[in-house]
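Engineer: Sharing a structure here in structure tokens format.
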Amino acid sequence: MVFNAGGSYLVAKAMHEQIKQVTKQRVKYVVLENSQGHAILGANYWKQQGAIIIAHKAADKEIAKKRKNHLLTCFKSTKRQTH
């Protein structure tokens, strides 16, 4: 079980690589404990690995409300790293 998916697909993948150095067990669950970008933007990576994403029942609305802001922040961060 992982708490917080990571701030991006690549962060989640790096987290997973570190986890695999400690255990051979697969990550079955990822808990999104808040709707901030640093906690949710890596969820797609974990879903692709077969993990079940767990969040509060109101999380969908909260994440959808903040989606555009999260994506803009992620884009700005990526743009800074490539220049």
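Engineer: Out of the residues in the stretch 1-46 that are assigned to a loop (DSSP other than H, G, I, E, B) and aliphatic (A, V, I, L, M), state the one that is farthest from residue 62 (Cα to Cα).
Structural biologist: Among residues in the stretch 1-46 that are assigned to a loop (DSSP other than H, G, I, E, B) and aliphatic (A, V, I, L, M), the one farthest from residue 62 (Cα to Cα) is 27.
Engineer: Then there's this: Give the residue that is nearest to the chain's Cα centre (by Cα), with candidates limited to residues of the stretch 1-60 that are among the aromatic types (Phe, Trp, Tyr) and surrounded by fewer than 16 Cβ atoms within 10 Å (Cβ to Cβ).
Structural biologist: 3
Engineer: Filter the stretch 13-50 for residues that are at pLDDT below 95 and among the hydroxyl-bearing types (Ser, Thr, Tyr) and give the result.
Structural biologist: 35
The values are calculated or read from the model by the stated rules, or taken from the named source; none is laboratory data. Just so it is clear, the structure is predicted and the values come from calculations on it, not from any experiment. We place every Cβ from the backbone using ideal geometry, glycine too, and count neighbours over all the protein chains shown.
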